[in-house]
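Structure record follows, encoded as C-alpha cells.
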Amino acid sequence: MEKRELLYEGKAKKLFTTDDQNLLISEFKDDLTAFNGAKKSSEAGKGALNNKISTELFKLIESKGVPTHFVGMLDDNHMLHKRVDVILIEVIVRNIATGSLSKNLGIEDGKVLPFTLVEFDYKNDELGDPKLNDQHALILGLVDYQDELDKIRRMARQVNDILKPYFAEKGLNLVDFKLEFGKDKEGNIILADEISPDNCRFWDMETGEKMDKDRFRQGLGGLKVAYEEVLNRILGAK
Ligand code: TYD
C-alpha cells in the first residue's frame, strides 16, 4: 500500500490517502510540540519509536477485544489504518495526579487517585482544548447521543485496564494518557490516533524517572533514550 495525497498535516503526524478509500497512512514525524504548539523541537528517530510503540500497543489492545483503527505497520515511520471520522474529543485517562490536574485542582503531584479519572477535552487548538462535560459535547454535536459518550468512557477504561497492568509488569507506572476515537464506515466507535510516550506519561517504578514527553515539556533532555527504553521494555517481555 502506497501514499497518495496528503490529506492533513498535524503536529506529530502527516495523513495520506491510499488507493483504498477506507484506508489511510499516517507518517510519524520527528517533530515535538508542547503547550499547544508554543514550544517546538525535533528529535531524529522519535517518529519511528512512536510508530513501533503504537503498533505494539494497538495489537495488544485489539487482541483483548477493543476495536482500533490499526491495520499494520508499513515501515519505520508509516502505519496503515482504517479511515474514521474523528470524534473531536480528547479523552484523558488518569491513574496518578500530575500535569494540568495537579495545577488546576491543587492535587498533590504524584498522588495515586482513589479511582481512575476519565476526562474530556474539546479537540480545538484555537480554543486551547477546553474541558468538556457531557452536555457540552452534545450541544457542540461532537457525538449524537449520550450513549456514545458512555461507550467512549467505557472503552477508555478498558484500554486502561489493559495497559496499566501490562506496563506495571515492565516496571512502568502508567500515570495518565490521552486517547482519540473515531467512527468507522459502519458507524462503529473505534480507537484511533496513536498510543505513545508523546501522549502517555510513564514513570519508572523504581527510580520515578519520567519516560515520556515530559522530558521535552520540562527540558529534562534524554527524550530519545527514554522512548527507546519504553519500546525495549515492551518488546522485551513478549
Ligand atoms: P495533562 O496533564 O492534561 O496536560 P499537560 O500536558 O498540559 O500537563 O495531560 C494528561 C495526559 O494526556 C498526558 O499524558 C499528556 C496527554 N495529553 C496529550 O497527549 N495531548 C493533550 O492535548 C493533552 C491536554 C494531554
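Just so you know, all these numbers are worked out from the coordinates, no wet-lab data involved. Small disclaimer: the values here were computed from a predicted structure and weren't measured. Ideal geometry is used to build each Cβ from the backbone, glycine not excepted, and the neighbour counts take in all protein chains shown.
Numbers at a glance
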{"quantity": "Pair list, Cβ under 7 Å, 6 or more apart: the range 95-108 residue assigned to a strand (DSSP E or B), other residue within 10 Å of the ligand (Cβ to nearest atom) and not aromatic (Phe, Trp, Tyr)", "calculated": "Asn95/Leu174; Asn95/Val175; Asn95/Asp176; Ile96/Val175; Ile96/Asp176"}
{"quantity": "Filter result (under 20 Å from Ser54 (Cβ atoms) and part of a strand (DSSP E or B)) within the range 204-213", "calculated": "Lys210"}
{"quantity": "Residues satisfying the stated conditions in the range 172-203, i.e. of a type in the set (Gly, Ala, Ser) and not in a loop (DSSP other than H, G, I, E, B)", "calculated": "Gly182, Ala192"}
{"quantity": "Hits in the range 25-58 - residues which are of a type in the set (A, V, I, L, M, F, W, C), assigned to a strand (DSSP E or B) and under 17 Å from Arg217 (Cα atoms)", "calculated": "Leu32, Ala34"}
{"quantity": "Selection count where residues are surrounded by fewer than 21 Cβ atoms within 10 Å (Cβ to Cβ) and in contact with a Gly (Cβ under 8 Å, 6 or more places away or on another chain), scope the range 163-189", "calculated": "2"}
{"quantity": "Scope the range 121-152; condition within 11 Å of the ligand (Cβ to nearest atom) and surrounded by 12 or more Cβ atoms within 10 Å (Cβ to Cβ); matching residues", "calculated": "Asp121, Tyr122, Lys123, Asn124, Asp129, Lys131"}
{"quantity": "Residues (in contact with a strand residue (DSSP E or B) (Cβ under 9 Å, 6 or more places away or on another chain), within 28 Å of Leu80 (Cα to Cα) and among the hydrophobic types (A, V, I, L, M, F, W, C)) located in the range 191-238", "calculated": "Leu191, Ala192, Ile195, Cys200, Phe202, Met211, Phe216, Leu223, Ala226, Val230"}
{"quantity": "Out of Ala192, Ala156, sole residue that is within 13 Å of the ligand (Cβ to nearest atom), touching a residue at least 60 places away in the same chain (Cβ under 8 Å) and among the hydrophobic types (A, V, I, L, M, F, W, C)", "calculated": "Ala156"}
{"quantity": "Counted residues, the range 190-238 - those being surrounded by fewer than 19 Cβ atoms within 10 Å (Cβ to Cβ) and under 30 Å from Leu142 (Cα atoms)", "calculated": "1"}
{"quantity": "Selection status of Asp161, closer than 16 Å to Phe58 by Cα and out of contact with any strand residue (DSSP E or B) (no Cβ under 8 Å at 6 or more places or on another chain)", "calculated": "yes"}
{"quantity": "Only one of Leu138, Leu163 that is assigned to a helix (DSSP H, G or I), hydrophobic (A, V, I, L, M, F, W, C) and within 19 Å of the chain's Cα centre (by Cα)", "calculated": "Leu163"}
{"quantity": "Evaluation of Leu88 against (1) under 26 Å from Gln218 (Cβ atoms); (2) under 16 Å from the mean Cα position of the chain (by Cα); (3) of a type in the set (A, V, I, L, M, F, W, C) (one fails), failing number", "calculated": "(1)"}
{"quantity": "Long-range neighbours under 7 Å by Cβ, at least six apart or interchain, first residue closer than 22 Å to Gly10 by Cα within the range 122-142, second within 10 Å of the ligand (Cβ to nearest atom) and of a type in the set (Lys, Arg)", "calculated": "Asp129/Lys123"}
{"quantity": "The range 213-238 residues that are more than 11 Å from Phe202 (Cβ to Cβ), paired with ones that are small (Gly, Ala, Ser) and surrounded by 10 or more Cβ atoms within 10 Å (Cβ to Cβ) (beta carbon under 8 Å, 6 or more apart)", "calculated": "Phe216/Ala34; Phe216/Ser41; Arg217/Ala34; Lys224/Gly45"}
